[in-house]
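*Asks:* My questions will all concern the structure given below.
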Amino acid sequence: MDADVVVVGAGLAGLVATAELADRGKRVVLVDQEGEQSLGGQAFWSFGGLFLVDSPEQRRMGIKDSLELATQDWMGSAQFDRDEDFWPRKWAEAYLHFAAGEKRAWLHEQGHRLFPVVGWAERGDGRADGHGNSVPRFHITWGTGPGLVEPFERRVRAAVASGRVTLAFRHRVDELVETAGSVTGVRGHLLAPDGADRGRPSSREEVGDFEITAQAVIVTSGGIGGDHDLVRRAWPERLGSPPARMVAGVPAHVDGRMLGITQAAGGHVINPDRMWHYTEGLRNWDPVWDNHGIRILPGPSSLWLDARGRRFPAPYFPGFDTLGTLGHIMRSGHDYSWFVLTQRIIEKEFALSGSEQNPDLTGKDVRQVLGRARKGAPAPVEAFKQHGEDFVVADTLDELVRGMNALTGDDLIDVESLRRTIVARDNEMDNDFTKDAQVTAIRGARNYRGDKLIRVATPHKLLDPKAGPLIAVRLNILTRKTLGGLETDLAGRVLRAGGEPLPGVYAAGEVSGFGGGGMHGYNSLEGTFLGGCLFSGRTAGRSVAAAL
């Protein structure tokens, strides 16, 4: 054997699995089709958000959380309804116990730290037993994505130095090797060296072959979000028609190849129609990869309109129900929508997802972070407002609508119709009580200290000149996560269609639907993708080490 274990994919799940194996004395070869500059995969680009339950950070912010409440929220969001949801449900239950138990302490032990204000992501569909987080649970890593990758990269590099781990970059796996009924390694092509910056397209020129033998293979290769044709092919009817135009939330190398390769070897893929894409995508004015999209992390105050300028109904407010809103957009006959807001709202409520869009948090710069409390939008947000092609800024509503119609090249929005919509909303701001569900939600959000402090603007009229100028933002569909994947049991073993393990093959991370073939069910509660990579990578690494 060339190694005890081959791990395919050097993203977060692969790093965690490799670190756990090496710490238990196993010899590991970690292979990836990209170069060393891409170590950490998608996690490097992330905001570093983690789902935790009843954490010290929550308690300090006055949040009462519990495993019971988190389970109610998770199951109400997952809506498990298929026979093949047996293992996804088991993984969801195990992950909830991890998030409410040792997850924070395990990370803290390795030097991981959290930003003290807990965010309230995915606020839900308005039902107590339905989709969404009943309380804020989104814990931001101090250092964002790179800060989360760092402890595991450090552990892996220490294992490289001691000879327990070999890093094999530019190795593209094309086949799982089977011997006497068990998978005993991987086979593929060596790709030409390429110094392309992290995230940028790299060469696919083949310069040789390789084969690595091992006692087990752990697949941690990610999902399909970089291949928009695959996304459209898997698009479910319940989300309307697949969008003709999307922006890419992940680099092109997130191509889903290992799903098909593992399936060809006998692995069972389940829930391929479950996926997670965002509705608030901006085309990056300073892109890293082709068609690069950045997501707005919105507060609740912007007015959300369809392509014709019609206001979205409850509960489709900013930050509430991602897939419900996605389905509403795609059933509208158009694949984009609009936020209309004020300068006062953008200064308080707009954040951008991603490590590179949050240099203060990523760089662990306390002074810069405190600067967010000053007047003015954060610098990355202001840069998008000035340079981004999806922004329209105007002093009057007539001017704003002319700019919106000019941006899309059609005249779908009628200024007088939009004026009536905005005036009706503004009239609801004159009293502390209202029948407008979004205004109620805004005021309710400000009851949470964290939202009032840094996340939700003081309620005001959109047409108040003192709050201006007016801003319109065209929102694109942004690809992100595969919620289904390779079916795995609670040891991370990949299963065949009949339910028996595929000998020698394990999986973790997005390729396994973050555990079981889809532990989220139909919906994510946010902060659960990175956490799913951590938990499933740890589980697979420890399981393989114990089995060998």
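The values are calculated or read from the model by the stated rules, or taken from the named source; none is laboratory data. Treat the numbers as computed from the prediction; the structure is a model and nothing was measured. In this analysis, Cβ positions are derived from the backbone assuming ideal geometry, glycine residues included, and neighbour counts consider all displayed protein chains. Accessible surface is based on the protein model in full, side chains and every heavy atom, while ligands, DNA and RNA are left aside. Shrake-Rupley method; radii C 1.70, N 1.55, O 1.52, S 1.80 Å.
*Asks:* Quick one: what pairs do we get from segment 367-393, first residue over 29 Å from THR408 (Cβ atoms), second loosely packed, with under 11 Cβ neighbours inside 10 Å, C-beta under 8 Å, 6+ apart or different chains?
*Replies:* Cβ pairs passing all conditions: none.
*Asks:* Of everything in segment 460-488 that's of a type outside the set (A, V, I, L, M), part of a loop (DSSP other than H, G, I, E, B) and open to solvent by 10 Å² or more (accessible area, probe 1.4 Å), which residue is farthest from ASN427 (Cα to Cα)? Give the derivation first.
*Replies:* First pass over segment 460-488, keeping only residues of a type outside the set (A, V, I, L, M): 460-461, 464-466, 468-469, 474, 476, 479-482, 484-485, 487-488.
Those left that are additionally part of a loop (DSSP other than H, G, I, E, B): 460-461, 464, 468-469, 484, 487.
Remaining after also requiring open to solvent by 10 Å² or more (accessible area, probe 1.4 Å): 460-461, 464, 468-469, 487.
Values: HIS460: 10, LYS461: 8, ASP464: 11, GLY468: 17, PRO469: 19, GLU487: 52 Å.
Among residues in segment 460-488 that are of a type outside the set (A, V, I, L, M), part of a loop (DSSP other than H, G, I, E, B) and open to solvent by 10 Å² or more (accessible area, probe 1.4 Å), the one farthest from ASN427 (Cα to Cα) is GLU487.
*Asks:* Within the set of pairs 6 or more residues apart or between chains, which connect a residue that is under 9 Å from THR482 (Cβ atoms) inside segment 215-234 to a residue that is among the basic types (Lys, Arg) with Cβ atoms less than 8 Å apart?
*Replies:* What qualifies is GLY223/LYS481; GLY225/ARG480; GLY225/LYS481.
*Asks:* When you scan segment 346-376, how many residues do you find that are small (Gly, Ala, Ser), farther than 19 Å from GLU150 by Cα and surrounded by fewer than 21 Cβ atoms within 10 Å (Cβ to Cβ)?
*Replies:* Qualifying residue count, segment 346-376: 3.
*Asks:* While we're on this one: What are the pairs with Cβ atoms under 6 angstrom where one residue, in segment 255-268, is farther than 15 Å from GLY222 by Cβ and the other, located anywhere, is in a loop (DSSP other than H, G, I, E, B) and open to solvent by 50 Å² or more (accessible area, probe 1.4 Å)? Sequence gap at least six, or different chains.
*Replies:* GLY266/ARG496; HIS268/ARG496; HIS268/ALA497
*Asks:* On to the next question. Could we say that VAL135 is more than 25 Å from TRP45 (Cβ to Cβ), open to solvent by less than 50 Å² (accessible area, probe 1.4 Å) and either touching a Leu at 6+ places or on another chain (Cβ under 6 Å) or among the hydrophobic types (A, V, I, L, M, F, W, C) (or both) here?
*Replies:* Values: more than 25 Å from TRP45 (Cβ to Cβ): yes; open to solvent by less than 50 Å² (accessible area, probe 1.4 Å): yes; either touching a Leu at 6+ places or on another chain (Cβ under 6 Å) or among the hydrophobic types (A, V, I, L, M, F, W, C) (or both): yes.
When the stated conditions are applied, VAL135 passes them.
*Asks:* For segment 36-56, which residues satisfy the criterion of being open to solvent by 60 Å² or more (accessible area, probe 1.4 Å) and either among the charged types (D, E, K, R) or more than 22 Å from the chain's Cα centre (by Cα) (or both)?
*Replies:* Answer for segment 36-56, where residues must be open to solvent by 60 Å² or more (accessible area, probe 1.4 Å) and either among the charged types (D, E, K, R) or more than 22 Å from the chain's Cα centre (by Cα) (or both): GLU36, ASP54.
*Asks:* Follow-up. Could you please find all residues in segment 164-180 being part of a loop (DSSP other than H, G, I, E, B) and either in contact (Cβ under 8 Å) with a residue 24 or more places away in the chain or open to solvent by less than 10 Å² (accessible area, probe 1.4 Å) (or both)? Spell out how you get there, then give the answer.
*Replies:* Here is the first cut: in segment 164-180, the ones part of a loop (DSSP other than H, G, I, E, B) are 164, 170, 180.
The answer is ARG164, ARG170.
*Asks:* Going through segment 525-548 one residue at a time, which ones are under 23 Å from TRP120 (Cα atoms) and either outside any helix (DSSP H, G or I) or of a type in the set (Asp, Glu) (or both)? Walk me through how you get there before you give the answer.
*Replies:* Step one: of segment 525-548, the residues under 23 Å from TRP120 (Cα atoms) are 525-535.
If the condition is that a residue be under 23 Å from TRP120 (Cα atoms) and either outside any helix (DSSP H, G or I) or of a type in the set (Asp, Glu) (or both), then LEU525, GLU526, GLY527 are the ones that fit.
*Asks:* Of all residues in segment 530-544, how many are open to solvent by 10 Å² or more (accessible area, probe 1.4 Å) and in contact with a helix residue (DSSP H, G or I) (Cβ under 7 Å, 6 or more places away or on another chain)? Explain how you work it out, then say what you get.
*Replies:* Pass one, segment 530-544, residues open to solvent by 10 Å² or more (accessible area, probe 1.4 Å): 530, 533, 535, 538-539, 542-543.
Right, trim to in contact with a helix residue (DSSP H, G or I) (Cβ under 7 Å, 6 or more places away or on another chain) and you get 530, 533, 535, 538, 542.
Number of matching residues: 5.
*Asks:* A further question follows. Filter segment 181-209 down to residues that are of a type in the set (Asp, Glu) and touching a residue at least 40 places away in the same chain (Cβ under 8 Å) and give me whichever is nearest to GLY225 (Cα to Cα).
*Replies:* Our first condition is that a residue be of a type in the set (Asp, Glu); within segment 181-209, this holds for 194, 197, 205-206, 209.
Adding the requirement that they be touching a residue at least 40 places away in the same chain (Cβ under 8 Å) leaves 194, 197.
On the way: ASP194: 23, ASP197: 20 Å.
Result: ASP197.
*Asks:* Hey, another quick one. Could you list, ordered by first residue, the pairs with Cβ atoms under 8 Å in which the first is in segment 529-543 and under 17 Å from ALA92 (Cβ atoms) and the second is of a type in the set (Lys, Arg) and open to solvent by 10 Å² or more (accessible area, probe 1.4 Å), at least 6 apart or interchain?
*Replies:* Matching pairs, first to second residue: PHE529/LYS481.
*Asks:* Further question: Looking at the structure I just gave you, is ARG420 surrounded by 15 or more Cβ atoms within 10 Å (Cβ to Cβ) and basic (Lys, Arg)? Before the answer, list the steps.
*Replies:* Values: surrounded by 15 or more Cβ atoms within 10 Å (Cβ to Cβ): no; basic (Lys, Arg): yes.
No; evaluated as a whole, the condition is false for this residue.
*Asks:* Turning to a different aspect of this structure: Which pairs have Cβ atoms under 8 Å, sit 6 or more apart or on different chains, and link a residue in segment 315-329 that is touching a residue at least 12 places away in the same chain (Cβ under 8 Å) to one that is among the β-branched types (Val, Ile, Thr) and surrounded by fewer than 24 Cβ atoms within 10 Å (Cβ to Cβ)?
*Replies:* From residues that are touching a residue at least 12 places away in the same chain (Cβ under 8 Å), the pairs are TYR316/THR325.
*Asks:* In segment 57-108, which residue that is among the acidic types (Asp, Glu) and open to solvent by less than 60 Å² (accessible area, probe 1.4 Å) is nearest to GLY143 (Cα to Cα)? Spell out how you get there, then give the answer.
*Replies:* Start the filter on segment 57-108 by keeping residues that are among the acidic types (Asp, Glu), which leaves 57, 65, 68, 73, 81, 83-85, 93, 102.
Now restrict to residues that are open to solvent by less than 60 Å² (accessible area, probe 1.4 Å): 57, 65, 73, 85.
Values: GLU57: 17, ASP65: 25, ASP73: 28, ASP85: 35 Å.
Of everything passing the filter in segment 57-108, GLU57 is nearest to GLY143 (Cα to Cα).
*Asks:* Given the options GLY126, GLY111, GLY145, name the one that is in contact with a Phe, Trp or Tyr (Cβ under 9 Å, 6 or more places away or on another chain) and surrounded by fewer than 19 Cβ atoms within 10 Å (Cβ to Cβ).
*Replies:* Values: GLY111 fails: in contact with a Phe, Trp or Tyr (Cβ under 9 Å, 6 or more places away or on another chain); GLY145 fails: surrounded by fewer than 19 Cβ atoms within 10 Å (Cβ to Cβ).
Going through GLY126, GLY111, GLY145 in turn, just one is in contact with a Phe, Trp or Tyr (Cβ under 9 Å, 6 or more places away or on another chain) and surrounded by fewer than 19 Cβ atoms within 10 Å (Cβ to Cβ): GLY126.
*Asks:* ARG198 is checked against (1) under 23 Å from ALA265 (Cβ atoms); (2) in contact with a Ser or Thr (Cβ under 7 Å, 6 or more places away or on another chain); (3) basic (Lys, Arg) and fails just one. What number does that condition carry?
*Replies:* With respect to (1) under 23 Å from ALA265 (Cβ atoms); (2) in contact with a Ser or Thr (Cβ under 7 Å, 6 or more places away or on another chain); (3) basic (Lys, Arg), ARG198 is out only on (1).
*Asks:* Continuing with the same structure: Condition test on GLU102, is it out of contact with any helix residue (DSSP H, G or I) (no Cβ under 6 Å at 6 or more places or on another chain) and within 22 Å of THR539 (Cα to Cα)? Please lay out each step first, then the result.
*Replies:* Working: out of contact with any helix residue (DSSP H, G or I) (no Cβ under 6 Å at 6 or more places or on another chain): yes; within 22 Å of THR539 (Cα to Cα): yes.
So GLU102 passes the test.
*Asks:* Give just the number: which of (1) at pLDDT 95 or above; (2) closer than 25 Å to ASP390 by Cβ does ARG455 not satisfy?
*Replies:* (1)
*Asks:* Let me ask another. Considering segment 489-524 alone, what residues qualify as being part of a loop (DSSP other than H, G, I, E, B), crowded, with 24+ Cβ neighbours inside 10 Å and among the hydrophobic types (A, V, I, L, M, F, W, C)?
*Replies:* Filtering segment 489-524 for residues part of a loop (DSSP other than H, G, I, E, B) gives 489-492, 496-500, 508, 513-524.
Applying the additional criterion that residues be crowded, with 24+ Cβ neighbours inside 10 Å yields 492, 508, 513-521, 523-524.
Selection gives ALA508, PHE514, MET519.
*Asks:* Being aromatic (Phe, Trp, Tyr) and touching an Asp or Glu at 6+ places or on another chain (Cβ under 8 Å) is true for just one of PHE169, PHE210. Which residue is that? First the steps, then the outcome.
*Replies:* On the way: PHE210 fails: touching an Asp or Glu at 6+ places or on another chain (Cβ under 8 Å).
Within the list PHE169, PHE210, the selection yields PHE169.
*Asks:* Now, a different point. Residue pairs, Cβ under 6 Å, 6 or more apart or interchain, first in segment 18-44 and more than 13 Å from ARG170 (Cβ to Cβ), second in a loop (DSSP other than H, G, I, E, B) and open to solvent by 20 Å² or more (accessible area, probe 1.4 Å). List them.
*Replies:* ALA22/ARG164; LYS26/ASP4; ARG27/ASP4; ARG27/ARG164
*Asks:* How many residues are touching a helix residue (DSSP H, G or I) at 6+ places or on another chain (Cβ under 7 Å) and in contact (Cβ under 8 Å) with a residue 60 or more places away in the chain if we restrict to segment 303-314?
*Replies:* So the count comes out to 4.
*Asks:* Among what's in segment 258-289 and is outside any strand (DSSP E or B) and either aliphatic (A, V, I, L, M) or modelled with pLDDT under 95 (or both), pick the residue that is surrounded by the fewest Cβ atoms within 10 Å (Cβ to Cβ).
*Replies:* Start the filter on segment 258-289 by keeping residues that are outside any strand (DSSP E or B), which leaves 258-268, 271-274, 284-289.
Those left that are additionally either aliphatic (A, V, I, L, M) or modelled with pLDDT under 95 (or both): 258-259, 261, 264-265, 288.
Working: MET258: 25, LEU259: 26, ILE261: 19, ALA264: 10, ALA265: 19, VAL288: 15.
Among residues in segment 258-289 that are outside any strand (DSSP E or B) and either aliphatic (A, V, I, L, M) or modelled with pLDDT under 95 (or both), the one surrounded by the fewest Cβ atoms within 10 Å (Cβ to Cβ) is ALA264.
*Asks:* Then there is this: Any residue that is surrounded by 17 or more Cβ atoms within 10 Å (Cβ to Cβ) and closer than 30 Å to ASP4 by Cβ - is there at least one of those in segment 227-243?
*Replies:* Checked against the condition, which is being surrounded by 17 or more Cβ atoms within 10 Å (Cβ to Cβ) and closer than 30 Å to ASP4 by Cβ, segment 227-243 yields no hits at all.
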